[in-house]
Amino acid sequence: MSKRKLALSDEILLSVEKPARYIGNEINMVKKDPAAVDVRFCMCFPDVYEIGMSHLGIQILYDMFNQWDDVYCERVYSPWVDLDRIMREKHIPLFALETQDPIKCFDFLGITLQYEMCYTNILQILDLSGIPLKASDRTMEDPFVIGGGPCSYNPEPIADFFDMFYIGEGETQYRRMMDEYKEWKKSGGDRIAFLKRAAQIPGIYVPMFYEASYHEDGTLASFEPIVPEAPRTVMKEVEMDMEHTYYPEKPLVPYIKVTQDRVVLEIQRGCIRGCRFCQAGVLYRPIRPRKLEFLKERAIKMLESTGHEEITLSSLSSSDYKELPELVYWLIDECSKNGINIALPSLRIDAFSLDVMSKVQDVRKSSLTFAPEAGSQRMRNVINKGLTEENILNGAMDAFRGGWTRVKLYFMLGLPGETYDDIEEIAILSDKIAREYYTIPKEERKGKVNIVTSTSIFVPKPFTPFQWARMNSQQEAVEKRNFLLGKVKSQLNAKSIKYNCHDADVSVLEGVFARGDRRLNDVILQAYKEGCIYDAWTEYFKYDVWQKAFADHDLTMDFYNDRERSEDELFPWDFIDCGVTKSFLLREYHRAKEAVVTPNCRQQCAGCGAARFGGGVCTEKRESAV
Amino acid sequence: MKARIKFSKCGSMRFIGHLDVMRYFQKAFRRAHIPVSYSKGYSPHQILSFTSPLGIGLTSDAEYMDMELEECPEPEKMVDWINSQMNDEIRVKDFVLLPDDSKPSMAMLAGCDYLVALKPGKVSVFRDRKDMEQVLVDFLAQPEILVTKKTKRSEKQVDIKPNIYYLSSSMEDFQVQTGREYGSLCIDIEEYQPVIYCQLTAGSVLNIKPELVMQALCQFVDTPYDPLDYQIHRLEMYGDANGKKGEIHLLHDEVPCELVPLSEYQK
Ligand code: B12
Ligand code: SF4
């Protein structure tokens, strides 16, 4: 029996929390001979293993790369703080889970960018790997570092650390990139030569080939390519053929419990809703459903190959999948035979969802989830969230009659144009739901109602109609939160309502990175050098270090958050074309100010620009405007 | 229908805790279509239980798990079926069907065999010692072997001498002492020098960990004990054929225990 060598010694593995994070060898891990491939690719999720292993995107790309005989794709996640300390002390280089080889000997290090608060973890990965943090300092000894995923739609705050960004869905251009790489390797060219080839692949952005200049007031004056190979605009890549594309049949099965410890079936990509705060809703346009038959076949294959005891559906808005009832009832049938649970995604509350919920969950223990996002109808029109108070109260009442007693409500604070009256409506709505419950005669009720109201702080994101909007300061957020807390407490049913809220400091920084520019690279670098990692984890977030880093670079967080941007301002991300036009976004911003709703894609095309991809909902026949 | 499997756990799998090994088996059984029985309710789970969980870092050639099956038409094929879904560091070695009235192995455990090996590269007074066997003989010749056993709240001195049945530095001698053949092991003992073999009492009442024996041995030769210096590997687990409910028999008692490997117990 050949023994797998491990990069870390027994002593180290036995002294850190959850050593299983670092040993690989999971079920369905791909084993190849690294000497027998042309390209070694390491895929990274810059957060702890349990989070990273829950990401579907990496499972898809891992499977895709490893289907190719000439490529071996491995994985790495952020070492947790305990191991981080040991690796620095003992100068142990960061390694990939599969072969346990150092990252530095790979051809590519691909990093997925899911969340802005992981930015310092990217530097941790590079640093522990012994790869120079800035792309301009790298040599032929270093891998090419490539970023992808939702945050790469404004890559500027981290542009210095990457050789390339892949804008869009990885399924489409990677084969070409691998081929270009092999040719370049044969040609014996230098790093720049490869980057020039890569810059000509659709969707690829090579930051060092562009130059930014700024106005006196700090806004962007110009952003231009400086080599002929680099395009002026980079167009996002979309997979339009959702049936004949990559989707794993044998996803990896971790040993330790991870956040998504189940089979994940991506039923569709994109969203028809057009909520004005949602970035994902724009980036993944147009909505592209997968075929029912394809999903059934993959569900069976993945359950077979993983042995998972649970399956879930993934998409931005599962209720909009047309064949959802058929799919879910089929799953219930299929799964009940084999003792498999179905973890339902959040669904619009109606007769169908209540029926399936009662079939797959324990009604007494499970809760109903509503995401009205705003308390007043006026604000819900501003954000284009189609849910009405009537929908919510009727849905809740039906559920109460069916035996449910727990309700979760999600709202945002700090939405553009929000007044204190709008905020008070959050408390009032929560209370109305409780009142609704108590209209049921006592004998028919199942004890007390239990309402959990949560708020997060609204963060304006690029490529949304609110990309021009001002973000609330930390102080405003705290004031609003306290105001709401007071209002919740003064409701008739205050005892039945629990109020939770998100940390305001982290949101401020998230806002800065989301709409930041290149000047932030040095701020992030300094904060990292002064000890910031795992900023997404409240217990490790060091706001004071960040404040100092901004001050040291003569930058303020307010510049990025605390102003409404003018309509003709050039944004750092304007060179990226995500298919949805800036003029559409601006039109939506104006409609938001007038509190006018825009119909969803299935009701009526709003002419966002994504029709140019020639598929998905844009070419679907519309039944009739509802 | 009750059944018991014996399996080995080695290599990088020594870093997977027993709860995760349980999850690993549950998924493997599902992949292999083993008709394991489920508990009732909204989140049904497979009815499985380990005899004695193995600590993180330890390896083993003899772990046991009891299970409930809906049916088992071809028991002789079970080992292969399950192994088709195992990784190469956890392998099933034996499968036995049990009588319906058999007690859980957890309750029957009476003894365990272990191998304790000095890891390569460790500086130790035991390294390459020619008189290892004599050291062990002298060690066992003490009137009592006192060690401090630490529990969550208290520390107490215990005499573990009655709990050490056999102790040897040679595999051949140990096999003669215990009357067993251990076959090929999933740990490569060539890498380690020296290797000490021991048979100890186990189970809820008299569980003696091999770490405790090593601690006492180090104390005996007056050298500090560092648990990280040794690889511990389980070789076998036994039930006591003479043990009735609530009774404990030691090897040197009037009615001595009669150790039978759990895979043969109640066969
Ligand atoms: C599964 C999931 C999780 C899981 C797993 C972690 C993860 N981020 O995947 C868990 C539950 C742990 C989680 C946690 C969180 N999540 Co989450 N999560 C999702 C979810 C539902 C699916 C992600 C996914 O797998 N998408 C499907 C794949 C196919 O798409 P993809 O990731 O974009 O990948 C494709 C391309 O982008 C590209 N690509 C991606 N990576 C790379 C890398 C390279 C090198 C290349 C070339 C290409 C490439 O190729 C892929 C295939 O086409 C999305 C919402 C959604 N439906 O998209 C939210 C989402 C990503 N999460 C979000 C948030 C806010 C969070 C949390 C902050 C929540 C919280 N408050 O704790 C945490 C942050 C954790 C973290 N460090 O990311 C936001 C991100 C918003 C943002 N960036 O500002 C999203 C978009 C949801 C939303 N609408 O708000 N999440
Ligand atoms: S072009 Fe029309 S249908 Fe297509 S995504 Fe945009 S708004 Fe929706």
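The values are calculated or read from the model by the stated rules, or taken from the named source; none is laboratory data. Predicted model, so just to flag it, every value in this text is computed and none were measured. Don't worry about glycine lacking a Cβ; one is built from the backbone with ideal geometry, like all the others, and counts go over all protein chains shown. Keep in mind that these areas ignore ligands, DNA and RNA; they rest on the heavy atoms of the full protein, side chains included. Shrake-Rupley method; radii C 1.70, N 1.55, O 1.52, S 1.80 Å.
Tally time: how many residues in segment A:527-541 are assigned to a loop (DSSP other than H, G, I, E, B) and either out of contact with any Lys or Arg (no Cβ under 9 Å at 6 or more places or on another chain) or aliphatic (A, V, I, L, M) (or both)?
5
Looking at B:Ser124, B:Ser84, which is the one that is farther than 22 Å from B:Pro261 by Cβ, open to solvent by 50 Å² or more (accessible area, probe 1.4 Å) and of a type in the set (Ser, Thr, Tyr)?
Values: B:Ser124 fails: open to solvent by 50 Å² or more (accessible area, probe 1.4 Å).
Testing whether each residue is farther than 22 Å from B:Pro261 by Cβ, open to solvent by 50 Å² or more (accessible area, probe 1.4 Å) and of a type in the set (Ser, Thr, Tyr) leaves just B:Ser84.
Given (1) on the phi > 0 side of the Ramachandran plot; (2) away from ligand 1 (no atom under 16 Å from the Cβ), identify the lone condition not met by A:Met557.
Failing condition for A:Met557: (1).
If we scan segment A:67-90, do we find a residue that is over 18 Å from A:Glu17 (Cα atoms), open to solvent by 10 Å² or more (accessible area, probe 1.4 Å) and within 25 Å of the chain's Cα centre (by Cα)?
First pass over segment A:67-90, keeping only residues over 18 Å from A:Glu17 (Cα atoms): A:67-75.
Now narrow it down to the ones that are open to solvent by 10 Å² or more (accessible area, probe 1.4 Å): A:67-70.
Narrowing further to those that are within 25 Å of the chain's Cα centre (by Cα): none.
Within segment A:67-90, not a single residue is over 18 Å from A:Glu17 (Cα atoms), open to solvent by 10 Å² or more (accessible area, probe 1.4 Å) and within 25 Å of the chain's Cα centre (by Cα).
Between A:Ile287, A:Ile311, which is within 15 Å of ligand 1 (Cβ to nearest atom), at pLDDT 95 or above, within 14 Å of another protein chain (Cβ to nearest Cβ) and more than 15 Å from the chain's Cα centre (by Cα)?
Details: A:Ile287 fails: within 14 Å of another protein chain (Cβ to nearest Cβ).
Answer to the selection: A:Ile311.
Could you check, for segment B:213-236, whether at least one of its residues is part of a loop (DSSP other than H, G, I, E, B) and surrounded by 21 or more Cβ atoms within 10 Å (Cβ to Cβ)? Quick ask: steps written out before the conclusion?
Step one: list which residues in segment B:213-236 are part of a loop (DSSP other than H, G, I, E, B), which gives B:221-226.
Checking which are surrounded by 21 or more Cβ atoms within 10 Å (Cβ to Cβ) leaves us with none.
The answer is no; no qualifying residue exists.
Which one of B:Gln134, B:Gln142 is without any contact (Cβ under 8 Å) to a residue 12 or more places away in the chain, surrounded by fewer than 17 Cβ atoms within 10 Å (Cβ to Cβ) and more than 30 Å from B:Tyr24 (Cα to Cα)? Please lay out each step first, then the result.
Numbers: B:Gln142 fails: without any contact (Cβ under 8 Å) to a residue 12 or more places away in the chain.
That would be B:Gln134, the only listed residue that is without any contact (Cβ under 8 Å) to a residue 12 or more places away in the chain, surrounded by fewer than 17 Cβ atoms within 10 Å (Cβ to Cβ) and more than 30 Å from B:Tyr24 (Cα to Cα).
May I ask you to list the residues in segment A:230-261 that are closer than 30 Å to A:Phe194 by Cβ, within 16 Å of ligand 2 (Cβ to nearest atom) and either within 14 Å of another protein chain (Cβ to nearest Cβ) or not in a strand (DSSP E or B) (or both)?
Hits for segment A:230-261 are A:Lys236, A:Val238, A:Glu239, A:Met240.
Taking segment A:393-427 as the search range and keeping residues that are more than 31 Å from the chain's Cα centre (by Cα) and part of a helix (DSSP H, G or I), which one is modelled with the highest pLDDT?
Top of the filtered list is A:Asp421.
What's the number of the only condition in (1) open to solvent by less than 20 Å² (accessible area, probe 1.4 Å); (2) charged (D, E, K, R); (3) at the interface with chain A (Cβ under 9 Å from one of its Cβ atoms) that B:Arg4 fails to meet?
Answer for B:Arg4: the failing condition is (3).
Consider A:Lys529 carefully, then state whether it is over 30 Å from A:Ile428 (Cβ atoms) and open to solvent by 30 Å² or more (accessible area, probe 1.4 Å).
Details: over 30 Å from A:Ile428 (Cβ atoms): yes; open to solvent by 30 Å² or more (accessible area, probe 1.4 Å): yes.
Considered against the rule, which asks whether it is over 30 Å from A:Ile428 (Cβ atoms) and open to solvent by 30 Å² or more (accessible area, probe 1.4 Å), A:Lys529 comes out as yes.
Scan segment A:213-224 and give yes if some residue there is more than 14 Å from chain B (Cβ to nearest Cβ), polar (S, T, N, Q) and free of Cβ contacts under 8 Å to residues at least 60 places away in the same chain, otherwise no. Let's see the steps before the verdict.
To start, the set of residues in segment A:213-224 that are more than 14 Å from chain B (Cβ to nearest Cβ) comprises A:213-224.
Filter once more, keeping what is polar (S, T, N, Q): A:213, A:219, A:222.
Cutting the leftovers down to free of Cβ contacts under 8 Å to residues at least 60 places away in the same chain gives us A:213.
Yes, because at least one residue in segment A:213-224 is more than 14 Å from chain B (Cβ to nearest Cβ), polar (S, T, N, Q) and free of Cβ contacts under 8 Å to residues at least 60 places away in the same chain.
Contact list please: Cβ distance under 8 Å, first residue in segment A:168-184 and within 14 Å of chain B (Cβ to nearest Cβ) and of a type in the set (A, V, I, L, M, F, W, C), second residue assigned to a loop (DSSP other than H, G, I, E, B) and within 16 Å of ligand 2 (Cβ to nearest atom), pairs at least six apart or on different chains.
none
Within the bounds of segment A:370-384, is there any residue that is away from every other protein chain (no Cβ under 14 Å) and open to solvent by 50 Å² or more (accessible area, probe 1.4 Å)?
Quick first cut of segment A:370-384, residues away from every other protein chain (no Cβ under 14 Å) only: A:370-384.
Filter again for open to solvent by 50 Å² or more (accessible area, probe 1.4 Å), leaving A:377-378.
For segment A:370-384, residues away from every other protein chain (no Cβ under 14 Å) and open to solvent by 50 Å² or more (accessible area, probe 1.4 Å): present.
Any residue in segment A:418-433 that's within 12 Å of A:Thr453 (Cβ to Cβ): show its pairings with residues that are of a type in the set (Ser, Thr, Tyr) and not in a helix (DSSP H, G or I) at Cβ separation under 6 Å, as long as the two are six or more apart or on different chains.
Cβ pairs passing all conditions: A:Glu425/A:Ser376; A:Ser430/A:Thr453.
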